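Every number here is computed from the coordinates shown, using simple stated rules; none is lab data. The shown structure was predicted, so the numbers you read here are calculated from the model rather than taken from an experiment. Here the Cβ positions follow ideal geometry from the backbone for every residue, glycine too, while neighbour counts run over all protein chains shown.
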């Protein structure tokens, strides 16, 4: 009897057609708000070429602050915490005296959107010189500035982004997690979305030239660890394309997003994207976007950085679960673009 009921039930189940429900993912672009940026730049003897490249890319650094209408403030500190070397044949007394005291910003200056000749001032600030200590303590230097009672950079309601720039390992006395916790506590120790740090450092000496290695380039593993734990970026200071690198740092610090993670792998024929209630085709002239598999299996929507959704905008992705090769998305349009 039980067997008969089971058989009948099993046969009845086969009469039902499984219907896949549409998936509706909703995202929001970050709001335009206040961001305070502290650049911590190595001022030891090997850093001049990197400082010059950074100085020449002020406009690239501001790209997403301007696009996102972000209220930004920028200050610069150095990695010198111990006393700088005495004057010598390479460093005059004036050079040594120009190294800011521990806990102070370069020239005690802050750049914001109202600063006249901001590019020229930025150039002066990031060219911090090469007469600082050879024991680079970027993490400690940043903490000293952020915890200083004379700090003129931080605003109560602003997001904080710290960017470390160095071609050598950090020699700060405390563990990386100590610095993460104390810097986060400067804003709000219980909130994880008010602070991040990025690192423009040596990721692998094999990515550096022989001259860079001979000049003392070493892997900045402590800076890398700090950035990874705080949801920041890690960029290669030995790279040639500083404009691209600095633009990446701008995007991360501005809090704008260029990619959004889907909850399911979509059937590409069913994927429909919308911004502020308007359907945006894959070949839109206003927004360039594509479907990708990040790290081989994580489905994402990625926007071209020249056409990001505006701040606070609502982005929707509707689709049926399924699959498909990203190379086939939008008729292979983006694969063609990448290989041209």
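Using a simple spin-label model with pseudo-atoms 7 Å out from Cα toward Cβ, residue 231 and residue 269 lie 3.8 nm apart. In the stretch 258-339, the ratio of gyration radius to Kirkwood radius, Rg to Rh, stands at 0.92 when only Cα atoms are counted.
Considering every alpha-carbon pair of the stretch 199-340, the percent of pairs per 5 Å bin, from zero through the bin containing the longest distance, is 2, 8, 15, 17, 16, 14, 11, 9, 5, 2, 1, 0. Determine, from the Cβ-Cβ distance of residue 207 and residue 59 and an R0 of 25 Å, the FRET efficiency 1/(1 + (r/R0)^6), rounded to the nearest 0.05. Once the sixth-power term is evaluated, E becomes 0.45. Taking the helices alone, the chain has a mean residue ellipticity at 222 nm of -8000 deg cm²/dmol, built from -39,500 (n - 2.57) per DSSP H run of at least 4 residues and averaged over all its residues. Relative to the current alpha-carbon distance between residue 320 and residue 333, full extension at 0.36 nm per residue lengthens the span by 2.5 nm. Measuring r between the beta carbons of residue 276 and residue 185 and using R0 = 30 Å, the FRET efficiency lands at 0.20. Gain on full extension, evaluated as 0.36 nm per residue between residue 155 and residue 101 minus their Cα-Cα distance, stands at 17.3 nm. The candidate values are [x] 38, 22, 20; [y] 47, 22, 20; [z] 42, 21, 19; the one derived from this structure for semi-axes √(5λ) of the Cα gyration tensor in Å carries the label [y].
Once the C-beta distance of residue 313 and residue 89 is scaled by a Förster radius of 56 Å, the resulting FRET efficiency is 0.45 to the nearest 0.05. Remark: spin-label model distance residue 108-residue 298 equals 4.5 nm, labels positioned 7 Å along the Cα→Cβ axis.
So how far, in whole Å, is the C-alpha centre of the stretch 158-223 from the one of the stretch 115-153? Rounded to whole Å, the Cα centres lie 14 Å apart. Have a look at the DSSP beta bridges in the chain and tell me what percent are antiparallel, nearest 5. Approximately 50 percent, going by the DSSP bridge assignments.
Residue separation times 0.36 nm, minus the C-alpha to C-alpha distance between residue 117 and residue 48: what's the value? Display every interim value, and only then the final one.
On the way: separation 69, 0.36 × 69 = 24.84 nm, distance 2.24 nm.
Taking residue 117 through residue 48 to full extension adds about 22.6 nm, to one decimal.
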